[in-house]
1. Could you derive backbone 3J(HN,Hα) for the range 25-32 from the dihedral phi with the Karplus parameters 6.51, -1.76 and 1.60 (θ = phi - 60°), listing whole Hz in sequence and x where the residue is Gly or Pro?
2. Would you list 53, 26 from fewest to most Cβ contacts within 10 Å?
3. Find out how many positive minus negative residues lie around residue 22, taking Lys and Arg as positive, Asp and Glu as negative, among other residues whose Cβ is under 12 Å from that of residue 22.
4. Roughly speaking, what % of Cα-Cα pairs in the range 32-92 are separated by over 17 Å, rounded to a whole number?
5. Show me, for the range 74-84, the HN-Hα J-couplings you get by feeding each phi into the Karplus relation (A = 6.51, B = -1.76, C = 1.60, θ = phi - 60°), rounded to Hz, glycine and proline as x.
6. How charged is the neighbourhood of residue 43? Take every other residue with its Cβ under 10 Å from the Cβ of residue 43, and add Lys/Arg as +1 and Asp/Glu as -1.
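Derivation of every value follows stated rules applied to the coordinates shown; laboratory data play no part. Please read all numbers here as calculations on a predicted model, not as lab measurements. Heads up, the Cβs are rebuilt from the backbone with ideal geometry, glycines too, and the neighbour counts pull from every protein chain shown.
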Amino acid sequence: MSLIGSRVIGVNNNAWDDEDTGAGGESAVVDLAYASKVSIFGNTSGATDVEVEVSADGNDFFTVKTISAWNGDNHDFIETASRYMRLKSSADIKASITISAKV
């Protein structure tokens, strides 16, 4: 995986920008710049479980949290020491989701 196209924190819809996620689909990789307090918010067109995955190197990701039954508007928080984050949707829905963070 190349991180050349990774997106930065705080940019609107940096994870998914009104995109079809696909069942098991992954969002764009977001560079958290080691910010520890992360806010994940946005809207989905239907119900899905969203796995929050983090990585130190942008290649090897592991799940740290599952947001169950995200349907419509949602807002969640997580603390992490990881550099990169992405999301994974359990269902094929349309999503507009932003990952924002601060130190």
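1. Karplus-based 3J(HN,Hα) across the range 25-32 equals x, 9, 6, 5, 7, 10, 7, 7 Hz.
2. Values: 53 20, 26 17.
Fewest-to-most ranking of 53, 26: 26, 53.
3. Values: positive: 88, 94; negative: 19, 20, 26, 92.
Result for the neighbourhood of residue 22: -2.
4. Numbers: 676 of 1830 pairs.
Within the range 32-92, distances greater than 17 Å cover 37 percent of Cα pairs.
5. The phi angles translate into 7, 8, 9, 10, 8, 10, 8, 10, 7, 7, 10 Hz.
6. Details: positive: 94; negative: 18, 73.
Residues close to residue 43 contribute a combined charge of -1.
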